[in-house]
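Structure, as structure tokens:
Each value in this text was obtained by applying a stated rule to the coordinates, not by laboratory testing. The structure presented is a predicted model; accordingly, all values stated were derived computationally and were not measured. Cβ coordinates were reconstructed from backbone atoms using ideal geometry, including for glycine residues, and neighbour counts include every protein chain displayed.
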Amino acid sequence: MSRFFSGRLSALTPYTPGEQPQDRSYIKLNTNESPYPPSPLAVSGASEEAKKLQLYSDPDCRSLKKEAAAVLGFSEDELIFTNGSDEILNFAFMAYCDAEHPAAFADITYGFYPVFAALNGVKFREIPLCENFTIRVSDYTSSKETLFIANPNAPTGIVLPRDAIEEIISSNPDRIVVVDEAYVDFSGESAASLIKKYENLLVTRTFSKSRSLAGARLGFGIACPSLIRDLETIRFSTNPYNINRMTMAAGVGALKDTAYFEGNLREIMKTRQRTEEVLRGLGFTVLPSSANFVFAKHPKIGGEELYLKLKTCGILVRHFAKERIKDFNRITIGSPKEMDALFAELRRILS
Ligand code: PMP
């Protein structure tokens, strides 16, 4: 750290992204990317836009808003686009948390929430999940803080039914509830339509997982128009060109290609079911997943040891050192071939 770094940030511990090693080729099951490439419509759209990169992108994201409104069934003033959903989550901490409105989220959830809280000087409380890693709804209905709920949760993959989410939102109309739906397309339990009923709900989503665009960095928010205006104030006060031309066109292409999107979802969910069955057959405890990953532990081998053994044979999974979950690994659902390679290595390691 230099002597010039703001004292306000000197204690900040940054988020640790999943490994993206360049030293050799790995089967990457560690950052919940899609095993399938982007839709050809996304690729051709982005390539065309590459020819116009001398020009700024549209700060109002009109093409993307129009397409998303038509495909997702919201109006354009209920949508905002960001550089990955990480950006809108940061905006939400900036907009809806301060000394009077501290944040609260689960003890086991997306690791970026405490980092965004620290970055924005926001106090936060971690609410312990139940023994079986589910949310106890009464902990949330009784809280006064701005809530951040990943649903399905990460890294557990467990989903909270929509009714329970609604109970939390409606229990206190005077505080904001942010529902992070990064993995919602693999679960079918979205709270997004509730924005028509509740002005204290912000739903965040991403093109990174189900639409195969992690490298393009495209996320969005769905909320009533007044919340969207708050978030647009922040977007225009930081970087109005946060969605570059190529990403904007890739997003439009991905939205247009419904058949490709739905086909990939079906494949991933089918592979997820087979993965759960095979892992259970090998003696793993696997939490019930509604996402594009599973969270699993084995009684005979520690989480870190298994992660390291898989890494030496070219397979990356994600291990978290946090005490409560250190026996587990989070394994992204890859292609059937990638999962077969994983199962073969697991059989070898466990025998
Ligand atoms: N929320 C959750 C729960 C996640 O796991 C991730 C992926 N790391 C994100 C948000 C952010 O994803 P992105 O910025 O790629 O949209």
Using a Förster radius of 22 Å, what is the FRET efficiency between residue 24 and residue 321 based on their Cβ-Cβ separation? Nearest 0.05, please.
0.35
Qualifying chymotrypsin sites (Phe, Trp or Tyr not before Pro) for the stretch 51-84 [loop in DSSP, other Cβ within 10 Å: at most 15]:
56
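Of all the stretches in the chain, which is the longest one without any exposed loop site, taking GluC sites (Glu not before Pro) in a DSSP loop (any state but H, G, I, E, B) with at most 10 other Cβ atoms within 10 Å?
It works out to 132-351.
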So if each residue of separation counts as 0.36 nm, and I subtract the Cα-Cα distance between residue 66 and residue 136, what length gain in nm does that give?
21.4 nm
Could you state the principal axis extents of the C-alpha atoms in the stretch 168-293, from the largest down, to the nearest angstrom?
51, 41, 24
Binning at 5 angstrom from zero up to the longest distance, how are the C-alpha pair distances of the stretch 40-256 distributed in percent?
1, 7, 15, 20, 20, 16, 10, 6, 3, 1, 0
Which trypsin sites (Lys or Arg not before Pro) does the stretch 109-200 hold that lie in a coil by DSSP with at most 15 other beta carbons within 10 Å?
123, 136, 144, 197
Quick check for me: using +1 on Lys/Arg Cβ and -1 on Asp/Glu Cβ, what's the dipole size of the chain about its Cα centre, in debye to the nearest 20?
940
Roughly what % of DSSP beta bridges within the chain run antiparallel, to the nearest 5?
50
Taking a ≥ b ≥ c as the square roots of the eigenvalues of the Cα gyration tensor, with a/c under 1.5 meaning rounded and otherwise prolate when a/b exceeds b/c and oblate if not, the stretch 133-178 is prolate
So the FRET efficiency between residue 199 and residue 236, C-beta based with R0 = 22 Å and rounded to 0.05, is 0.55
On a straight-distance basis, which lysines could pair with residue 28 in a cross-link, Cα separation under 18 angstrom, same-chain partners fewer than 8 positions away excluded?
209, 309, 311, 337
Which of the three applies to the stretch 81-137, rounded, prolate or oblate, going by the alpha-carbon gyration tensor with a ≥ b ≥ c and a/c under 1.5 meaning rounded?
oblate
Once residue 274 and residue 304 are pulled to full extension, the length gained, defined as 0.36 nm per residue separation minus their Cα-Cα distance, is 8.4 nm
Taking residue 51 as the anchor, which lysines have their alpha carbon closer than 23 Å to its alpha carbon, excluding any fewer than eight residues away along the same chain?
65, 66, 256
Stretch gain in nm, segment residue 13-residue 344, where the contour uses 0.36 nm per residue and the Cα spacing is subtracted
115.4 nm
Over the chain, the sum of -39500 (n - 2.57) across DSSP H runs of at least four, divided by residue number and rounded to 500 deg cm²/dmol, gives at 222 nm -12000 deg cm²/dmol
